Amino acid sequence: MSSMACPYSLLPSSSSPVAAAYGKLTNVRSADFSQIPSWVSLKCTPSSAKTHNGKRGQIENLHLVSVANQGKLREVHEFIRRMDDDGLSITPFSYECLFKICGKLGALSDGKLIHSRLMRMAKNYSGFLDNFILQMYCDCGSLVDAQKLFDEMLKRDLFSWVTMISAYAEEGYLDEALRLFSQMLALGIRPSPAIFSSLVGAFQDPSMLNIGKQIHSYLIRIGLADNVSIETLVSNMYVKCGWLDGAEVVTNKMTRKNAVACTGLMVGYTQAGRPGDALVLFAKMISEGVELDQFVFSIVLKACAALRDLNMGRQIHGYSVKLGLQSEVSVGTPLVDFYVKCGRFESASLAFESISEPNDVSWSTIITGHCQNNRFDKALKTFKSLRSKGVALNSFTYTNIFQACSAVSDLISGSQIHADAIKKGLVEQLYGESSMITMYSKCGKLDDADQAFQSIDKPDTVAWTAIICAYAYHGKGSEALRLFDKMQTSGVRPNAITFIGVLNACSHAGLVTEGNRYLNSMLGEYGVEPTIDHYDCMIDIYSRAGLLQEALDMIKSLPFEPDAMSWKSLLGGCWSHRNLEIGTIAAKNVIRLDPLDSSSYVIMFNLYALAGKWEEAARFRKMMAEQNLRRDVSCSWISVKGKVNRFVVGDRHHPQTEQIYSKLKQLNFAANKVDDGLLNEEDALYDFAERKEQLLDHSERLAIAFGLISTASEMPIVIFKNLRSCKDCHEFAKRVSMVTGREIVIRDANRFHHFKSGECSCCDYW
C-alpha cells in the first residue's frame, strides 16, 4: 500500500532514511518529544518549515503511528487535529495502522471517526483502504457497519468476501454467512480454504449437519478435501454435530493422521458414552506413529477413568512418563482424577506431586480425592493451606469443601469458608448453593440451611431436594412434605433422590399412608422409576410403624431381588416392636447378605434374651466372637470455642475428665430394669459384667456432661455421633434437658434429635 501514488501524501523514496524507519515501526515503544529535533515542531518558524517541508510530513506520520501502537487513541485524535491545522496529510500506511489498532482494541467510535476523516479529506478516493476498514468494523463486532461498507465497495476482492463471511460465521450468524457464500459462488469467485475454515468451524450443532455435509461434498468436488487442515476441520465438525460415523470415515481416510483430528474424535467418543472406542483409537494412533501431545493423553485418561480401567490407565501413565509429559498439568490432572475414580488414592497423590505447576483444577481434583476417600480432615487442611498461600481456587473446590465440612460437621470452618466464597464470588450457582444447604443442615443449623435456600433466586431440583432432605433429617416430616408440594407448584420436577428425601420424611414422622401414596405415584405421575432404594424406604416406613407383616410382604413382592438394607430395615423394626418370629427371618437374610454386620447379631441376641431363650442368644454372641466382629468405635464430639472435643466410650483422656465424670454422677438417673441384661451397639464389644459400668461412660453422655460444664446456660448443646443413639442414652438426654432446662441437639447416624423440656423431636420414633 505504501508504494501506491496518492495526491494527498508524501511518500518516501526507498532509499530515504525515513523509509528505513517504517520497517522499525513495530519496535517503537514510546514517544519521547525531547529527542525530536526542533525542526519537527508543528510550531516551527516559516524558514525552518520551508527548509524541512518534506521531512515534517514524514516524521509526523511516524510519530502518529507510534502513539497509535501504544493504544493512546485520545492523543492520536489530538495529534491528527494539529496535523490538520498545519496542513499535513496522513499517509495510507498510517491509515492502515490506525484501522488495525482500532480493530485490535475494539475501539469502534475511534475507528468511525478516522474512517469519516478519510472520506472527508481524501480526493478521488479509490477504495484501496476498504479492506482494512472492513476488517476494523468486523473486529469491533459492528457487522451492520461492515455490511454497509461491503455493499458500497466498488472493488471486492477475495479478502473482502473472506472477511465478511468469517465475521458472520464467528458471531454465529450462519444464515448470513451462507447467504454471502452462495452469492460469492454465483458470481464465479472461487473460495479459498480460509472461508471453509470459518464456515466449517462454525457448524457445532446437530441442526447444521446437513449443510455441513453439503459443504464437505463441495470441498471434494473442488479438490480441497484432501488438505490436512480441511480434513481435520471436517472431522471435528462431524463430531460437534453428533455424527461420529462421518468423523470416523474422514479420520480413517486421512493420508497422514494428526493428533488434533484424533483428539477431536476421542472427545466425541467420550461425550457419547463410548470410552472404549476412544481407547481403540488411541492404540491405533500409536501403531500408525501419530505424534502424541498432552491433549491426547488428557482425553484418553478420561476414557480410562470412565471405564475404571486401572490396568490400561497405568500403561498410558507409563507411556506419558516415557514421553516426559507426566509433569504437564493437562496430563497430570487427568491422571489424578483417573486414580481417584479407580480408588487408588496413593497413586493419585504421587501423580499430583509430579505436576510441575498444578492449577486450580489440579488442586480441586486432589481435594475431591480426599473427600471421596473419606479423608475430610485432610481435604480441609489442604484447602486452608492453599488459601493461606494465596493459591487461586475455583468454585468447584469450594463446593467440595462445603461437602467436607458437612461430613465432619465442622460448622465454624464451613461458615468461614462460606463467607470467603461469597467475598471472592466463588459460590457455584445451584450446586455450590445446594451444598451449603446440606452443610448447614448436617451441622445442626436448620435455620441457616433454610436461609441459604431462600437466597437462591431460582432453585432447581438439586436445591429443592437438599432442603427437603434437610427438614426430613431434622425430623420435620410435615414441613418436608409441604416443601415438596411447593416445589411442584414452582414447576420444578422431582428426581429419584427427591423421593428418597420425601420417603425418609414419611419414615421419621410415621406417615405410612402418605409414604405409600408417594411411592405409588412416582412412575405414573412423575415419570420416575422406583429403585430398590425407594422400596427400602417404604419397608422402613412399615417397619418403624410396627406393620412388620406388610413390610415382609413387600420384600417378597419386590420387582427386584431384595438387598441387605431391605432386610436390615425389617430387622430394625422387629427389634423396636419385639417381634422374634419375623426378626429371625430378617436376621437370617441379613447374615446371608452381609455376614460382617455386627448389629444384626446384637439385635438377635437381645430378641432371644427378651424371650428368655438364652441358649439361642448365646449362640449369636458366640458367632460374633468366632468371626471376631468389631464395630466402629462409638465416637461423639462437640465444638466449644472453636475446638472439637471428641469422646469414645469409657474415655478418660480429656483434660477435664474429673469434672466430666463428677457431672455424670450428679446425673446418674436409674436405668430401666427390664433391659438391664441387653446389649446395644455402643457396648456390644464388652463383657456382660462390664455393661452397667460402661453404660455411664457412653460417648454421648460424656459429650453431654462436657457441654454442660463448658457452655453458657442459654446456649444449646450440639453433639454429633457416628453411631445410632441407644435407647438408654436417648432417655438420658431427655431427662437432662428436663432437669437442667438446657436444649440438647444430637445428630446420630440416622437423624437429628432435638431435646427440650424432657421431650425429643423424634417423639421416641427413630
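The values are calculated or read from the model by the stated rules, or taken from the named source; none is laboratory data. Note that the structure is a prediction, hence the values are computed from the model and not measured. Cβ coordinates were reconstructed from backbone atoms using ideal geometry, including for glycine residues, and neighbour counts include every protein chain displayed. In case anyone asks, the SASA skips ligands and DNA or RNA and just uses the protein heavy atoms, side chains included. Shrake-Rupley method; radii C 1.70, N 1.55, O 1.52, S 1.80 Å.
Before moving on, here are some points about what is shown:
- Qualifying residues in segment 626-664 (those that are loosely packed, with under 10 Cβ neighbours inside 10 Å and farther than 27 Å from Phe752 by Cβ) - the one modelled with the highest pLDDT: Pro655
- Where a residue in segment 104-115 is surrounded by fewer than 17 Cβ atoms within 10 Å (Cβ to Cβ) and its partner, wherever it lies, is basic (Lys, Arg), with Cβ under 9 Å and at least six apart: none
- Subset of segment 61-74 (residues that are surrounded by fewer than 15 Cβ atoms within 10 Å (Cβ to Cβ) and either charged (D, E, K, R) or touching a residue at least 60 places away in the same chain (Cβ under 8 Å) (or both)): Arg74
- Of all residues in segment 269-296 being open to solvent by less than 10 Å² (accessible area, probe 1.4 Å) and in contact with a Phe, Trp or Tyr (Cβ under 8 Å, 6 or more places away or on another chain), the one that is nearest to Gly332 (Cα to Cα): Val296
- Segment 728-759, subset charged (D, E, K, R) and touching a His at 6+ places or on another chain (Cβ under 8 Å), residue farthest from Arg701 (Cα to Cα): Arg751
- Residue that is farthest from Trp637 (Cα to Cα) [pool: residues in segment 708-746 that are assigned to a strand (DSSP E or B) and in contact with a Ser or Thr (Cβ under 7 Å, 6 or more places away or on another chain)]: Ile744
- Residue in segment 577-589 that is closer than 29 Å to Ala449 by Cα and either open to solvent by less than 60 Å² (accessible area, probe 1.4 Å) or under 30 Å from the mean Cα position of the chain (by Cα) (or both) present: no
- So Ser217, is it assigned to a helix (DSSP H, G or I), of a type in the set (Ser, Thr, Tyr) and without any contact (Cβ under 8 Å) to a residue 12 or more places away in the chain: yes
- Looking at segment 73-134, the helices (runs of 4 or more DSSP H) lying wholly inside it that each contain 1 or more residues that are modelled with pLDDT of 90 or more and more than 22 Å from Phe150 (Cβ to Cβ) sit at 73-85, 92-105.
- Among the residues of segment 229-257, just one is within 31 Å of the chain's Cα centre (by Cα), of a type in the set (S, T, N, Q) and open to solvent by 20 Å² or more (accessible area, probe 1.4 Å), namely Asn236.
- Flag if Leu98 is over 23 Å from Phe159 (Cα atoms), buried (at least 20 other Cβ atoms within 10 Å of the Cβ) and free of Cβ contacts under 8 Å to residues at least 60 places away in the same chain: no
Residue-wise test of (1) charged (D, E, K, R); (2) touching a Cys at 6+ places or on another chain (Cβ under 8 Å); (3) under 22 Å from Gly268 (Cα atoms).
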position	(1), (2), (3)
Ala146	no, yes, no
Phe159	no, no, no
Glu176	yes, no, no
Ile189	no, no, no
Gln204	no, yes, yes
Leu209	no, yes, yes
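- Residue match in segment 541-549 (condition: of a type in the set (Lys, Arg) and over 19 Å from Lys727 (Cα atoms)): no
- Within segment 728-765, being open to solvent by 10 Å² or more (accessible area, probe 1.4 Å), within 24 Å of Arg646 (Cβ to Cβ) and small (Gly, Ala, Ser) holds for one residue alone: Ala749.
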